[in-house]
Amino acid sequence: SCSATATEKKAPVYRSGVITFDGVNDSMTYEHSLSGKSDITMIINAKTDKNSTDYLQNYTINNAARYTLLQYPESGSWGSVWLTNFKDGIVCRFGSGLSGNRGIYYNGVTVNGWNTVSAVKNGESEKLYLNASMIYDRASDASAQYCVGSAGATVENTHEYAYIGYGIQSTRNYYYNGSVSDIVIFERALSDS
């Protein structure tokens, strides 16, 4: 349980331990800050039928927080943090406040049904997991095939809240379409085990 509250005119639907977002105008906010943190673990258990096409432009990763399930919005430049599992891939960002120093990741694995996705930041070490198996390690991606920018040691994001079910870019609203049963955030890096 958490202190998340509905922020839009229409609240997401809650049934039997699952919150469902219709992708139109429902979302929640969670009062919490990651600013100044260098060790973070974010875990979501979610399901969506939507693809991540807005994250790919000519097969490169788009620097935009669109349709995300969990997003910490930036108060300045390059400081947002997000994590979402789309049907055709997982997207994550740890914003460090500098344009060339922010971890943005896209791993194009096929994700069907309910899945647990984890993003772990331990200083400049940043990893993604799918159902407890590591699918991405920043240190092993010498070609930068699945990332944009360099890893940052500290998240720079001074907003004191997170959005759940809502991603914003400039003045456009992008709402998540899917369901979530769990969102867990640790202010420390969990080990592989």
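The values are calculated or read from the model by the stated rules, or taken from the named source; none is laboratory data. Bear in mind the structure is a predicted one, so any value in this text is a computation, not a measurement. Note that we place each Cβ from the backbone using ideal geometry, even for glycine, and neighbour counts take in every protein chain shown. The accessibility values were calculated without ligands, DNA or RNA, using every heavy atom of the protein model including side chains. Shrake-Rupley method; radii C 1.70, N 1.55, O 1.52, S 1.80 Å.
So here's what we get for this one:
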| item | result |
| --- | --- |
| Net charge over other residues, Cβ less than 9 angstrom from the Cβ of Val120 (K, R count +1; D, E count -1) | -1 |
| Mean Cα-pair separation over length for the chain, i.e. relative contact order, pairs under 8 Å, 6 or more apart, % | 34 percent |
| Charge sum, other residues only, whose C-beta stays under 14 Å from Gln145's C-beta, Lys/Arg counted +1 and Asp/Glu -1 | -1 |
| Unit charges at the beta carbon, dipole of the chain: most positive-side option, Val155, Phe86, Ile185 | Phe86 |
| Value of D in µm² per second that Stokes-Einstein yields for the chain, Kirkwood Rh from Cα pairs, at 10 °C (1.306 mPa s) | 97 µm²/s |
| Cα-based convex hull volume of the stretch 111-177 per residue, rounded to whole Å³ | 151 Å³ |
| Set of aspartates and glutamates near Lys50 by C-alpha distance (under 19 Å), chain-local residues within fewer than 8 positions excluded | Asp22, Asp26, Asp88, Asp182 |
| Alpha carbon Rg of the stretch 81-148, scaled by the compact-globule rule 2.2 N^0.38 Å | 1.06 |
| Percent carbon-and-sulfur accessible area, the chain, ignoring ligands, DNA and RNA, probe 1.4 Å | 45 percent |
| Contour excess over end-to-end distance, with Cα ends at Ser99 and Gln169 and 0.36 nm allotted per residue | 23.6 nm |
| Counted charge near Pro73, where neighbours are those whose Cβ lies closer than 12 Å (Asp, Glu -1; Lys, Arg +1) | -1 |
| Distance in nm between pseudo-label sites at Ser193 and Ile135 (7 Å out along the Cβ direction from Cα) | 2.5 nm |
| Residues of the chain: accessible area per residue with a 1.4 Å probe, Å² | 47 Å² |
| Highest-MSF residue in the chain out of Asn115, Asn131, Asn177 [GNM, Cα springs under 10 Å] | Asn131 |
